[in-house]
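The values are calculated or read from the model by the stated rules, or taken from the named source; none is laboratory data. These figures come from a predicted structure and were not determined experimentally. Here the Cβ is made from the backbone with ideal geometry for all residues, glycine too, and neighbour counts use every protein chain on show.
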Amino acid sequence: MGFHKRAKTLVQEFKTFAVRGNVMDMAVGVIIGSAFSGIVTSLVNDILTPVLSLITQGVDISGLSVALGTGDNAASINYGAFLTKVIDFLIIAVCVFLLVKVINRLQRPKKHEPTPPPRKCPYCLQAIEKEATRCPHCTSLLPAPEESAPL
C-alpha cells in the first residue's frame with residue numbers, strides 16, 4: 001500500500017471519527033468550558049480574592065518555604081506556593097459548584113406527564129394494549145376498551 005493510499009485512508013478514518021456526535025459534543029463542551037474558566041477565574045481573582053484579603057488582613061502565605069541547605073543556590077520546599085494553589089483550587093471548586101447549582105435551579109423543570117396504568121386482561125391479569133380486543137396471553141375475548149375498568 002502506497003503512502004498516498006495510506007494517507008487517504010487515514011484522512012477518511014479521521015473524518016469518520018471527527019463527525020461522530022460524541023466528538024462534536026465534546027468539542028463544544030471544551031470550548032464552553034474554556035470560556036467558563038475565564039468567568040470563574042475573573043470571579044475568583046477580581047471579586048473573591050480581594051474580599052478574602054480583607055478578611056485575612058492581607059496575609060500572604062505564598063512566600064513560605066523551607067530551605068534544604070545554605071547559600072543562594074540551596075534547594076527549598078515552597079509549601080506556601082503549594083498551599084496557595086490548593087486554596088485557589090478550593091475557591092474555584094466552590095464557585096463552580098455554586099454557579100452550576102444556580103444554573104440548574106434557573107432551568108425550567110421538565111414536566112413529566114403521568115403515564116396511565118396499563119390495561120389488564122380481566123381473566124389472566126396480564127398487561128395488554130389499550131386497543132386490544134383479544135388478550136395475547138390467554139386469548140380471551142375482551143370487552144371494548146371503553147367498557148373495561150382498570151383493576
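The table that follows gives values for the structure above.
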{"item": "Residue identified as small (Gly, Ala, Ser) and closer than 29 Å to Phe36 by Cα among Gly58, Gly71", "result": "Gly58"}
{"item": "Options Ala81, Ala132: the member that is in contact with a Cys (Cβ under 9 Å, 6 or more places away or on another chain), surrounded by 10 or more Cβ atoms within 10 Å (Cβ to Cβ) and small (Gly, Ala, Ser)", "result": "Ala132"}
{"item": "So Asn45, is it surrounded by 10 or more Cβ atoms within 10 Å (Cβ to Cβ) and not assigned by TED's automatic domain parsing to the domain that holds Ala144", "result": "yes"}
{"item": "Only listed residue being over 27 Å from Gly33 (Cβ atoms) and in the same structural domain as Gly33 (by TED's automatic domain parsing), chosen from Ser53, Ser76, Ser140", "result": "Ser53"}
{"item": "Spans of helices (runs of 4 or more DSSP H) in the stretch 1-118 with at least 2 residues among the small types (Gly, Ala, Ser), modelled with pLDDT of 80 or more and more than 30 Å from Cys135 (Cα to Cα)", "result": "21-42, 79-106"}
{"item": "Residue selected from the stretch 57-74 under the condition of a type in the set (S, T, N, Q) and surrounded by fewer than 10 Cβ atoms within 10 Å (Cβ to Cβ), by the criterion farthest from Lys85 (Cα to Cα)", "result": "Thr70"}
